[in-house]
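Input: a single structure, listed below in structure tokens.
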Number of protein chains: 2
Amino acid sequence: MNLDSETKAVELPDDHGTELRLWLRLLTCTTLIEGEVRSQLREKFDVTLPRFDLMAQLDKVSDGMTLSDLSKRMMVSNGNVTGLVERLVESGHLDRRTSETDRRVQFIRLTKLGRAEFRKMAAEHEKWIADIFGDLSPKDIRELMRLLAKAKGSAQRSAKARTA
Amino acid sequence: MNLDSETKAVELPDDHGTELRLWLRLLTCTTLIEGEVRSQLREKFDVTLPRFDLMAQLDKVSDGMTLSDLSKRMMVSNGNVTGLVERLVESGHLDRRTSETDRRVQFIRLTKLGRAEFRKMAAEHEKWIADIFGDLSPKDIRELMRLLAKAKGSAQRSAKARTA
DNA sequence: GCCAATTGCTTGAAGTTTAAAGAAATTGCA
DNA sequence: TGCAATTTCTTTAAACTTCAAGCAATTGGC
């Protein structure tokens with residue numbers, strides 16, 4: 001038996017510190033940027049981030065989307081979307097229409113007003129983001145994209161394995 | 001005058017699409033991992049992520065921390081921390097003590113129970129994170145750390161410039 | 001010492017979020 | 001057809017979050 005390796009094993013019970021530090025850095029980065037975007041949205045357009053996100057999903061399609069689609073894409077719960085949509089319909093940004101073939105399903109769309117307002121916000125939003133990442137070179141951005149894609153894949157693999 | 005370049009300028013009013021895609025990917029990654037961690041914490045320890053985060057901050061120091069320190073480190077509002085601490089004191093995980101030199105200040109500490117429970121959770125938590133990033137090589141991790149540090153710096157520069 | 005500004009924390013209102021339970025509609029299979 | 005499983009959405013309770021307003025204590029000129 002090798003005493004040295006035993007001692008080492010006790011002092012360094014696997015080393016998962018680097019992954020943890022990576023996670024904390026990722027989280028800090030995201031929180032920082034999210035806070036910045038949130039402030040700007042409130043300040044410039046008096047809109048909350050969740051509402052902006054929801055409208056962003058809807059802006060990608062022309063013919064609407066169901067609540068389930070929205071909750072999957074936004075990675076939030078179903079009930080959450082119900083409330084958000086309700087308030088956005090109330091304020092005239094969204095339009096809801098019940099499916100004719102399945103009466104459980106609601107198709108949600110941006111209204112003319114909603115789309116117009118979103119487009120205005122999105123244009124500004126894109127500039128803020130560009131400025132936030134302003135110090136990164138095109139190569140940095142490509143590398144980050146690549147590595148984050150890999151990280152995303154890894155996380156999905158891990159989550160799936162756990163649930164299975 | 002060059003018509004071609006004019007046309008281009010209209011069709012591609014600056015190109016900030018790559019930064020936007022980077023941001024969306026960063027957000028997706030974080031949301032995915034955060035959801036995974038949240039599920040595990042609830043499932044295995046019946047604790048919420050915000051409580052875990054707060055205890056993590058306190059575990060780093062032995063002699064306690066003020067509410068302001070906590071809110072700065074966690075990057076959340078003051079009022080938010082007030083509520084979290086209140087519930088954690090209630091459940092016996094935290095301990096609060098008013099400063100003797102400044103009666104506005106409260107020092108918050110983990111109780112013996114709180115620290116013991118946190119240590120147990122943290123050990124598991126580290127393993128989950130290691131698994132989540134399991135597909136990344138040590139080199140990938142180093143590169144991500146480096147690029148995220150750069151992104152963080154850039155975001156801070158941007159936020160600071162706006163506020164100034 | 002006086003008092004305006006600042007700092008640390010709490011409170012209240014509105015909104016967001018999750019998890020869990022439930023209602024309504026559809027689907028698939030025997 | 002009949003009915004159990006599934007899907008879509010809503011509802012509920014509890015927690016979390018922010019922002020703004022406010023209170024209490026301290027600090028820094030003067």
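Odds and ends about this structure:
- On Cα atoms only, tilt of A:138-163 relative to the major axis of chain A in degrees: 80
- Between amide H atoms placed 1.01 Å from N, distances below 5 Å from residue B:106 occur with B:67, B:99, all of them 5 or more places distant or on a separate chain.
- Sequence-distant contacts, meaning Cα pairs under 8 Å at least 6 residues apart, place the relative contact order of segment B:48-159 at 23 percent.
- Comment: the Cα-to-Cβ extended label point of residue A:86, at 7 Å, lies 2.5 nm from its counterparts in the other copies, nearest first.
- Proximity of backbone amide H atoms, modeled 1.01 Å from N, is registered between residue B:94 and B:89, B:111 at under 5 Å, excluding neighbours fewer than 5 places apart on the same chain.
- Surface accessible to a 1.4 Å probe, residue B:117 within the full protein complex, Å²: 70
- Charge tally in the Cβ shell below 14 Å around residue B:157, where Lys, Arg are +1 and Asp, Glu are -1, residue B:157 excluded: +1
- Across the protein chains, with a 1.4 Å probe defining accessible surface, the residues A:160, A:112, B:150, B:44 rank A:112, A:160, B:44, B:150 from largest area downward.
- Where chain A is carried onto chain B by rotation, the Cβ closest to that axis, with its residue and distance in Å, is A:30, 2.
- On the basis of the beta-carbon distance and an R0 of 56 Å, residue B:103 and residue A:102 show a calculated FRET efficiency of 0.35.
- Residue B:62 exposes around 100 Å² of accessible area when a 1.4 Å probe is run over every protein chain in place.
- Value of [θ]222 nm, deg cm²/dmol, for chain A, DSSP H segments ≥ 4, -39500 (n - 2.57) each, nearest 500: -22500 deg cm²/dmol
- For segment B:21-26, Karplus couplings with θ = phi - 60° (6.51, -1.76, 1.60), whole Hz, Gly/Pro x: 5, 4, 4, 5, 5, 4
- Other copies of residue A:101: label-to-label distances in nm, shortest first, labels 7 Å along the beta-carbon direction: 7.3
- Distances in nm from residue A:18 to the matching label points in the other copies, shortest first (labels 7 Å along Cα to Cβ): 2.7
- Nearest 10 degrees, 0 to 90: helix B:78-90 Cα axis against chain B principal axis: 40
- Surface accessible to a 1.4 Å probe, residue B:15 within the full protein complex, Å²: 100
- With a 1.4 Å probe rolled over the protein heavy atoms of all chains, the accessible area of B:163, A:111 falls in the order B:163, A:111, largest first.
- Between helix A:49-59 and chain A: long-axis angle, C-alpha atoms, 0 to 90°, nearest 10: 70
- Residues B:103, B:87, sorted by accessible area with the largest first, give B:103, B:87 [1.4 Å probe; ligands and nucleic acids excluded].
- Percent breakdown of C-alpha pair distances by 10 Å bin, ordered from the shortest bin, for chain B: 8, 26, 28, 22, 8, 5, 3, 0
The values are calculated or read from the model by the stated rules, or taken from the named source; none is laboratory data. Everything numeric here is computed off the predicted structure, so don't read it as measured data. When we count neighbours, we look across all protein chains shown, and the Cβ atoms used for this are built from the backbone with ideal geometry, even at glycine. What goes into the accessible areas is simple: the full protein's heavy atoms, side chains included, and nothing from ligands, DNA or RNA. Shrake-Rupley method; radii C 1.70, N 1.55, O 1.52, S 1.80 Å.
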